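Enquirer: Below is a structure I'd like to ask you about.
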Amino acid sequence: MIALEVKGLNKKYRDFHLKDVSFQLEKGYIMGFIGANGAGKTTTIKSILNMIQLESGEVHILGKNMAEHELELKQDIGFAFGGIDFYTRSKIKKLTNVIKKFYKNWDDETYYNYLRRFKLDENKKIVDLSKGMKVKYSLALALSHGANLLILDEPTSGLDPVARDDLLDIFQELVLNGEISILFSTHITSDLEKCADLITFIENGQIIHSSEKEEFKESYRLLNGNETQLNQVKERLISYKINSFGFTGLIRSCDFDTSSDIKATIPSLEEIMIYFAKKEDMYV
């Protein structure tokens, strides 16, 4: 079953346009949603949650149209935007008692298990929490009402490596039964290397590629060669860097001649993002 289907989303701002954004997330998988700052990740997520008015497009969650079944579907969605920036003078306990009333399937036992796991003191005020602790609290709320779809925007931002690794373990545990799906937007691509099953890459408001993670990486090659070899492939490169040995550049696998003597390796997610961003710099 498809947990999340995004079809033809369009949203225009004065200096930005979300253009025909489409992708699918099946139940039981983690999708990494990547792109440079300003690429359209947060705008897409807000569109999915019906927080902004679209020019066109549809979002279906668990087979139902989000615009038509918003209140019902938001019971099945857990979302976290990297922190808590409202009612900051309130204690965690007081804010939770307000929030949990909105969810018919709220589970106190699950919530307190996450408080213990995240080492959160419910008598602390929101304003006194570090950025990392706010993220953990936001996630504890998102994970405590039986949601089948988690939408997380930069959930590991501000966390130390140990805390981030613990969260990634939680995400992988959650999808094991095949009922929960996670859309995970982040610029920390090493987190996605560890836990994502699928990758969707957005650039300048358009989806560049959406597929299984290894297939996504294998659709590109990172080339290393000398100046002569650069001249052979320059026109087909997404972008490149000149170095003391010659060049390093990114190319689509379908554009690379495997019989060439240019050294080619499969890039990391981070390298793919870097070279796409460099493409913008090269042609400004």
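The values are calculated or read from the model by the stated rules, or taken from the named source; none is laboratory data. All values reported here derive from a predicted model rather than from experimental measurement. Neighbour counts are summed over all protein chains in view; Cβ atoms, including those assigned to glycine, are modelled from backbone coordinates with ideal geometry.
Enquirer: Condition first: part of a loop (DSSP other than H, G, I, E, B) and farther than 21 Å from Thr110 by Cα. Now tell me which residues in region 145-177 satisfy that.
Expert: Across region 145-177, the qualifying residues are Glu154, Ser157, Gly158, Leu159, Asp160.
Enquirer: On the basis of being farther than 27 Å from Lys194 by Cβ and at pLDDT 95 or above, does Glu26 make the cut?
Expert: no
Enquirer: May I ask you to verify whether Lys12 is under 18 Å from the mean Cα position of the chain (by Cα) and over 30 Å from Ser190 (Cβ atoms)?
Expert: no
Enquirer: Here's something else I'd like to know. When region 206-223 is examined, which residues are found to be touching a residue at least 60 places away in the same chain (Cβ under 8 Å), in contact with an Asp or Glu (Cβ under 9 Å, 6 or more places away or on another chain) and crowded, with 18+ Cβ neighbours inside 10 Å?
Expert: If the condition is that a residue be touching a residue at least 60 places away in the same chain (Cβ under 8 Å), in contact with an Asp or Glu (Cβ under 9 Å, 6 or more places away or on another chain) and crowded, with 18+ Cβ neighbours inside 10 Å, then Ile207, Lys213 are the ones that fit.
Enquirer: List the number of the failed condition for Pro161; all other conditions in (1) touching a residue at least 40 places away in the same chain (Cβ under 8 Å); (2) in the same structural domain as Thr42 (by TED's automatic domain parsing) hold.
Expert: Here Pro161 clears every test but (1).
Enquirer: Among the residues of region 245-269, which ones are modelled with pLDDT of 95 or more and either under 22 Å from Phe33 (Cα atoms) or among the hydroxyl-bearing types (Ser, Thr, Tyr) (or both)?
Expert: Within region 245-269, Thr248, Leu250, Ile251, Arg252, Ser253, Thr265, Ile266, Pro267, Ser268, Leu269 meet the criteria.
Enquirer: Further, regarding this structure: Mind listing just one residue for me: the one in region 1-57 that is among the aliphatic types (A, V, I, L, M) and part of a loop (DSSP other than H, G, I, E, B) and, of those, nearest to Leu183 (Cα to Cα)?
Expert: Going through the qualifying residues, I end up with Leu49.
Enquirer: Can you list residue pairs whose Cβ atoms sit under 8 Å apart, with the first residue in region 63-77 being touching a residue at least 40 places away in the same chain (Cβ under 8 Å) and the second being exposed (fewer than 13 other Cβ atoms within 10 Å of the Cβ)? Count only pairs 6 or more apart in sequence or on different chains.
Expert: Listed by first residue and then by second, the contacts come to Gly63/Met1; Gln75/Lys104; Gln75/Asn105.
Enquirer: Under the condition of being over 23 Å from the mean Cα position of the chain (by Cα) and surrounded by fewer than 17 Cβ atoms within 10 Å (Cβ to Cβ), which residue from region 257-271 is nearest to Glu193 (Cα to Cα)?
Expert: Here the residue is Thr265.
Enquirer: Quickly run through region 176-193 and pick out the residues that are more than 24 Å from Leu18 (Cα to Cα) and out of contact with any Asp or Glu (no Cβ under 8 Å at 6 or more places or on another chain).
Expert: Once the filter is applied, which keeps residues that are more than 24 Å from Leu18 (Cα to Cα) and out of contact with any Asp or Glu (no Cβ under 8 Å at 6 or more places or on another chain), region 176-193 yields Leu176, Asn177, Gly178, Glu179, Ile180, Asp191, Glu193.
Enquirer: In the list Gly178, Gly132, which residue meets the criterion of being touching a helix residue (DSSP H, G or I) at 6+ places or on another chain (Cβ under 8 Å) and not assigned by TED's automatic domain parsing to the domain that holds Ser253?
Expert: The match here is Gly132.
Enquirer: Which of the numbered conditions does Gly132 fail, given that it passes all the others? Conditions: (1) assigned to a loop (DSSP other than H, G, I, E, B); (2) within 19 Å of the chain's Cα centre (by Cα).
Expert: For Gly132, the exception is condition (1).
Enquirer: So for region 231-244 (the condition being modelled with pLDDT of 95 or more, crowded, with 19+ Cβ neighbours inside 10 Å, outside the structural domain of Gly8 (by TED's automatic domain parsing) and more than 30 Å from Val21 (Cβ to Cβ)), does at least one residue qualify?
Expert: yes
Enquirer: Here is a follow-up. Only residues that are surrounded by fewer than 17 Cβ atoms within 10 Å (Cβ to Cβ) and touching a residue at least 60 places away in the same chain (Cβ under 8 Å): list them for region 1-23, please.
Expert: Those that are surrounded by fewer than 17 Cβ atoms within 10 Å (Cβ to Cβ) and touching a residue at least 60 places away in the same chain (Cβ under 8 Å): Met1, Ile2, Phe16, His17, Lys19, Asp20, Ser22.
Enquirer: Can you find a residue that is among the hydrophobic types (A, V, I, L, M, F, W, C), more than 17 Å from His145 (Cβ to Cβ), touching a helix residue (DSSP H, G or I) at 6+ places or on another chain (Cβ under 7 Å) and surrounded by fewer than 21 Cβ atoms within 10 Å (Cβ to Cβ) anywhere in region 36-52?
Expert: Yes, region 36-52 contains a residue that is among the hydrophobic types (A, V, I, L, M, F, W, C), more than 17 Å from His145 (Cβ to Cβ), touching a helix residue (DSSP H, G or I) at 6+ places or on another chain (Cβ under 7 Å) and surrounded by fewer than 21 Cβ atoms within 10 Å (Cβ to Cβ).
Enquirer: With the requirement that a residue be farther than 11 Å from Gln229 by Cβ, among the hydroxyl-bearing types (Ser, Thr, Tyr) and not in a helix (DSSP H, G or I), what does region 249-273 give you?
Expert: Across region 249-273, the qualifying residues are Thr258, Ser259, Thr265, Ser268.
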